[in-house]
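Take a look at the structure set out below.
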Amino acid sequence: MTKILPVIMCGGAGTRVWPESRETLPKQFIPLVGERSTFQTTIAMLDDPVFDRPIVISNIDYRFLVADQLREIGARADIVLEPTRRDSAPAVAVAAGLAARRSPSTIVVVLAADHVVRDPAGLVELCKKAASAAADGHIVTLGVKPDAPATGYGYLRPGAPIAGDVSKLDAFVEKPDRATAQEYIDAGYLWNSGNFIFRADVMQEEIAQFEPAIFEAAEAAIDAARADLDFLVLNAESFARAPKKSIDYAVMERTTKAALIPADIGWSDVGNWRAVWELSERDACGNSVRGNGVIRDSKNVHVRSDDTLTTVIGVDDVIVVTTQDAVLVLSHEHGDNVKQLVDQLKRENRREAGEHKRIFRPWGYYQSVDAGQRYQVKRIVVKPGARLSLQKHFHRAEHWIVVKGTAEVGRDNETHLVHENESIYLPIGCVHRLGNPGKIDLELIEVQTGSYLGEDDIVRLEDAYNRG
């Protein structure tokens, strides 16, 4: 059988599972269920001979997160970067364009990086079945068999049979109220999973017909794309011309080639905290704990806390999420309101709306520990063999105290090896660079002092990661 080209969509922000998911670390990169992130579990599902090497399409801000998470599980993929977010239709247009450059008849499966599938083998079999229909010119979507009258999903109405389990797709239906959702289930409707299988040239033809601006922008962005380290970066000017539109609105609700195949594979889009609770292991009272939590005299409670002890007594049907700088308490029935909360926090210019205290960088991460009017304390972790940019600051001096590993510090024309329990001072204006020459993580405490401590007081003179 001809190999299927998997394309993983990996650029969303996932505000419905705030405060763990934020702009700086969205939900597809978080282990919401199990020990791996949903992106990693999606990639792992593709370890089957029927699949070709995957393409991951992500936002340029997440390029090093994608690369690191692939490296952690020993997986390989081609990473394509969107310079701006343009919704799913331009991303699918890029996927079809890249596939068509290999061969117009390439069969593509588009999967979301932030979904969970409990039956990976079942998904593989469905892809094989759908590939046959896609080869005949159909655009096949996976229609999930509902297990409840959910109001958070769109629904699909099956039509006339095509071949085997594949049927025509008669209609897309928007998210209903609960009573209408039950009517849909009784009538045999399926949930819209947002995953598609198609032939590259067929999808290109449909996008060109219904959304020529998206097609032309995607093609131009691919033609003018540039290699950057191990990434392919789409041309920013061309890609920005693509209208923001979902693939459902752009193509699937308008095409006559839409088909569906029923999928009973334990699928969830992990769209809110209630879904996370449902996917988690629970005790006899329906309670689940991830991390440092204790629950007493309560039912159907989900507690998550990596650090701070979080305790719950005498309440039912609630979710408590504790992070280093924010706590969320919500009832199950209000799980879909978290996005509105995050929107409010953004309007109030709250840093916590989109940024964690721990900020990941290609070399490791830094984390705020304390801050005052003229000082700031950070914890910095540098991966083995990595190094920061050659840089200087105009408004702050820095003290570095090594607590683990060995630091290689360039300071003006000097080079110093700084070991555990040793420190070094970097005066305002000095040209400096921090590196980890060792085999273990380098951890240090950075104390900044000065009149301005913003992250934009960095002049990069040289950078291994091609940042400005």
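The values are calculated or read from the model by the stated rules, or taken from the named source; none is laboratory data. For clarity, every value in this text was computed on a predicted model and none was experimentally measured. For neighbour counting, all protein chains shown are included, and Cβ atoms are generated from backbone atoms with ideal geometry for every residue, glycine included.
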Original post:
Quick check: is even one residue across the stretch 105-123 within 18 Å of residue 11 (Cα to Cα), out of contact with any helix residue (DSSP H, G or I) (no Cβ under 9 Å at 6 or more places or on another chain) and of a type outside the set (Ser, Thr, Tyr)?
Top reply: no
Original post:
Which residue, of 80, 109, 94, is modelled with pLDDT of 95 or more and in a helix (DSSP H, G or I)?
Top reply: 94
Original post:
Regarding residue 424, is this residue over 28 Å from residue 66 (Cα atoms), in contact with a strand residue (DSSP E or B) (Cβ under 6 Å, 6 or more places away or on another chain), of a type in the set (A, V, I, L, M, F, W, C) and outside any strand (DSSP E or B)?
Top reply: no
**OP:** Spot the failing condition for residue 325; the list is (1) part of a loop (DSSP other than H, G, I, E, B); (2) in the same structural domain as residue 33 (by TED's automatic domain parsing), and only one is missed.
**Re:** (2)
**OP:** Kindly list the number of the only condition in (1) loosely packed, with under 13 Cβ neighbours inside 10 Å; (2) assigned to a helix (DSSP H, G or I) that fails for residue 394.
**Re:** (2)
**OP:** Test residue 314 against the criterion of being modelled with pLDDT under 95 and not polar (S, T, N, Q), and give yes or no.
**Re:** no
Original post:
Looking only at the stretch 109-141, which residues are of a type outside the set (D, E, K, R) and over 21 Å from residue 268 (Cα atoms)?
Top reply: 131, 132, 133, 134, 135, 137, 138, 139
Original post:
Does the stretch 166-173 contain any residue that is closer than 24 Å to residue 10 by Cα and crowded, with 22+ Cβ neighbours inside 10 Å?
Top reply: no
**OP:** Spot the failing condition for residue 385; the list is (1) touching a Pro at 6+ places or on another chain (Cβ under 9 Å); (2) modelled with pLDDT under 90, and only one is missed.
**Re:** (2)
Original post:
When you scan the stretch 293-321, how many residues do you find that are closer than 26 Å to residue 356 by Cβ and either assigned by TED's automatic domain parsing to the domain that holds residue 31 or touching a residue at least 24 places away in the same chain (Cβ under 8 Å) (or both)?
Top reply: 6
